[in-house]
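Here's the structure, in structure tokens; my notes come after.
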Amino acid sequence: MNQHHLDFLASPEWARWLETELLPWILNAGDLGDELLEVGPGPGLTTDLLRARASHVTAVEFDASLATALADRLAGTNVDVVHADATDSGLSSDRFSAAACFSMLHHIPSLSSQDRLFREMHRMLRPGGMLVASDSRDLDAIRAFHEGDIFMPLDPNDLRDRLTEAGFGQIEVTATDFEVRFSAKKG
């Protein structure tokens, strides 16, 4: 992730948007339960919101320096940070009441890797567990913001089929002007 992007994800403006725009949608999507998996927390502003709404959060972060910084910052809280590739994390099956990932799926370099992550999140969710996620649309301004980064945006038109193939049901997909939000459940 380029430094400009990383700085934005740690900014007060992003924190404010998460609190006022994303959080109400998350809470409306359903109960996160007691054991939440967060994939790709980055600097952890989403983790801060989620940990106040679940008894325990396991945050899986691919980037070693981000994982270390987040683990240090949240030591002694209800958050465990795992430095791992979320497509093959080694975490237990049927463990989590909910899984969440926000503004990170476009950093996964291929559709097949994104689909592998969907299958892995499904595996780790308990029966009835919920996935809540949002990500960027493919827009020129967002693509320019990712200069030098991986940018593999989601297509909201095929997302339902991809989630179904991963095993999810009760899929809701909403596309806004700049993002796609979706929720789904493990049967």
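Coordinate-derived values only; no laboratory data. Quantities reported herein were computed from a predicted structural model and do not represent experimental measurements. Note: ideal-geometry Cβ built from the backbone for every residue, glycine included; neighbour counts use all protein chains shown.
Worth a mention:
- Measuring between their Cα centroids, region 119-180 and region 62-76 lie 25 Å from each other.
- Net charge of neighbours whose Cβ lies under 13 Å from the Cβ of Ala175, counting Lys and Arg as +1 and Asp and Glu as -1: -4
- The antiparallel fraction among DSSP beta bridges confined to the chain stands at about 40%.
- Within-10-Å neighbourhood charge of Thr47 [Cβ basis; K, R +1; D, E -1]: -1
- Surrounding net charge for Ala98, when Lys and Arg each add one and Asp and Glu each subtract one, Cβ distance under 12 Å: +1
- Computed over the chain, the per-residue total of -39500 (n - 2.57) for DSSP H runs of n ≥ 4 gives a 222 nm mean residue ellipticity of -10000 deg cm²/dmol, rounded to 500.
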